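Written below as structure tokens is the structure these notes are about.
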Amino acid sequence: MGLSKKSAAFTPVQKALHWAVVVLLGFQFFVFDGMGRPFHQLMDGVATYTTTVIAHIAIGLAVLVFALWRLVLRARHGAPAAPEAEPEALRKVSKLAHAAIYLLMLVLPVTGLIAWFGKVGNVAEVHEVLTNALLALVILHVAAVAVHQFWWKTNLLARMR
Ligand code: HEM
Ligand code: HEM
């Protein structure tokens, strides 16, 4: 099982999972991100399960399951090779960025669960810092897709549609 296996195209399930995670992370970052107050209450001994807390945990678990599922599919089925127009050096950067995104989709829920259920403040801080790392990588990712689309004109977006 190697993660560098090449395929002709992403499968419909791989595409569906990619976009499902985009939607889930959008909710996690912009709708159900108010975990600071409930977490401090928890640390003070009062566990509050508001809609935000339940949604944040449920979405985080879904992202964890979907990320694992995507990795299994990638190992079994593979992913298409980088378009010809992409410079060699940037292929390495892209591979690293994708690997880091996959890693964060696993580490974020795990650190979140440890912080909340283990009541570990330090791990919550790590969780917070890593959310910003994922945000930065996703901005880079979308910028890279735009460069492909409009500069190199590789029509990369069509591979994920
Ligand atoms: C993909 C999964 C996850 C993402 C992207 C994510 C994202 C976030 C974001 C954006 C924040 C707000 C950080 C801030 O205030 O600047 C946060 C806080 C927090 N999250 Fe998550 N989260 C995920 C999974 C989880 C899970 C499964 C739990 C388990 C309960 C969890 C527990 C927490 C806690 C306790 C905080 C508050 C940390 C603090 O204020 O010190 N997260 N998360
Ligand atoms: C939360 C936001 C996002 C995350 C976490 C994410 C994550 C990923 C990951 C990990 C891959 C690599 C798939 C693989 O090779 O196994 C990928 C590929 C891709 N993503 Fe995203 N993505 C996000 C948002 C977007 C958005 C908004 C777009 C469109 C502008 C986009 C377009 C693409 C495309 C076109 C590919 C295929 C690249 C290729 O064929 O090599 N992604 N994404």
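The values are calculated or read from the model by the stated rules, or taken from the named source; none is laboratory data. The structure presented is a predicted model; accordingly, all values stated were derived computationally and were not measured. We place every Cβ from the backbone using ideal geometry, glycine too, and count neighbours over all the protein chains shown.
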* Asked: Looking only at the stretch 42-86, which residues are surrounded by 18 or more Cβ atoms within 10 Å (Cβ to Cβ) and of a type in the set (Lys, Arg)?
  -> 70, 74
* Asked: Looking at this structure, is residue 2 within 21 Å of residue 121 (Cβ to Cβ) and surrounded by fewer than 13 Cβ atoms within 10 Å (Cβ to Cβ)?
  -> no
* Do we find a residue being within 12 Å of ligand 1 (Cβ to nearest atom) and among the small types (Gly, Ala, Ser) anywhere in the stretch 97-115? -> yes
* **Of residues in the stretch 29-87 being part of a helix (DSSP H, G or I) and either within 30 Å of residue 153 (Cβ to Cβ) or hydroxyl-bearing (Ser, Thr, Tyr) (or both), the one farthest from the chain's Cα centre (by Cα)** => 51
* Examine the stretch 134-154 for a residue that is out of contact with any Phe, Trp or Tyr (no Cβ under 7 Å at 6 or more places or on another chain), part of a helix (DSSP H, G or I) and among the basic types (Lys, Arg), and state whether such a residue exists. => no
* So residue 159 clears everything in (1) touching a residue at least 40 places away in the same chain (Cβ under 8 Å); (2) within 10 Å of ligand 2 (Cβ to nearest atom); (3) part of a loop (DSSP other than H, G, I, E, B) except one condition, right? Which one? -> (3)
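Looking at the stretch 136-159, which of its residues are loosely packed, with under 13 Cβ neighbours inside 10 Å and not basic (Lys, Arg)? Even if it seems obvious, please write down each step before you answer.
Let us first name the residues in the stretch 136-159 that are loosely packed, with under 13 Cβ neighbours inside 10 Å, namely 136, 139, 142-143, 146, 150-151, 153, 155, 157-158.
If the condition is that a residue be loosely packed, with under 13 Cβ neighbours inside 10 Å and not basic (Lys, Arg), then 136, 139, 142, 143, 146, 150, 151, 155, 157, 158 are the ones that fit.
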* Meets criteria (away from ligand 2 (no atom under 14 Å from the Cβ) and on the phi < 0 side of the Ramachandran plot) for residue 114 -> yes
* Asked: So residue 103 clears everything in (1) surrounded by fewer than 17 Cβ atoms within 10 Å (Cβ to Cβ); (2) in contact (Cβ under 8 Å) with a residue 24 or more places away in the chain; (3) under 14 Å from the mean Cα position of the chain (by Cα) except one condition, right? Which one?
  -> (2)
* Asked: Going by the structure shown, is residue 10 at pLDDT 95 or above and under 28 Å from residue 121 (Cα atoms)?
  -> no
* Which numbered condition residue 92 fails, given (1) assigned to a helix (DSSP H, G or I); (2) surrounded by 14 or more Cβ atoms within 10 Å (Cβ to Cβ); (3) within 15 Å of ligand 2 (Cβ to nearest atom) -> (2)
